[in-house]
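Shown next, in structure tokens, is the structure this report addresses.
What follows is calculated from the coordinates using simple rules that are stated; it is not laboratory data. Keep in mind that what you see is a predicted model, and the values were worked out from it rather than measured. We place every Cβ from the backbone using ideal geometry, glycine too, and count neighbours over all the protein chains shown.
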Amino acid sequence: MKKFILLGALISPLILGACMAGIVSSGPQQAEVLLDSTAGNSVSGKVSFVNTGNRLRVVAEVSGLTPGAHAIRIHEKGDCSAPDASSAGGYFKVAGAPQKEGDLPQLIANAKGLAKLVVYIDQAALEAGEMSILGRSVVVHATANTSGGRLACGVIIKK
């Protein structure tokens, strides 16, 4: 019994040190967005990003939409301060996104205004670098393309 206690006392600091140094991971990297409605709208929701190796798993749940299709995009700036979310800037060019630059597949809201989306995107990252989406924003648009107004905006933060 004493051998096990002594072994545990010797190994515990090594494991703790490895965790603190980042050698032992506590799980996949994650980020999330809490969507707030723009002026005059009542759209809200959450978008989660999880690193799954070379891809990011994106899960979006949005409410308060009109039934039908709505564009959802990653934007260059992490600034949603303008009443119409124009402060989020243009689209972030995500290489390997399933649609156009910064585009995610459309949200399809049901009759109650609820939409859920699960998709994987390539080449975007949660680590610092050229393809990092951290500190950028996600914008939900009023129509299936981006000609409609911006209904909700939120900044992508590491979780």
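Listed values for the range 131-138 are Karplus-derived 3J(HN,Hα) couplings in whole Hz (6.51 cos²θ - 1.76 cosθ + 1.60, θ = phi - 60°), namely 9, 5, 9, 4, x, 8, 10, 10, and x replaces Gly and Pro.
Per-residue Karplus couplings for the range 72-81, computed as 6.51 cos²θ - 1.76 cosθ + 1.60 with θ equal to phi - 60°, are listed in order as 9, 9, 8, 10, 4, 9, x, 9, 10, 6 Hz, Gly and Pro entered as x. Near Glu32, once Lys and Arg are set to +1 and Asp and Glu to -1 for all other residues with Cβ below 10 Å from its Cβ, the sum equals +3. Taking amide H atoms as placed 1.01 Å from N in the peptide plane, the amide H of Asn145 lies under 5 Å from those of Ala71, each 5 or more residues away in sequence or on another chain.
Near Ala152, the amide H atoms lying under 5 Å from its own belong to Thr38, Val140; only residues 5 or more places off or on other chains count, and H is placed 1.01 Å from N.
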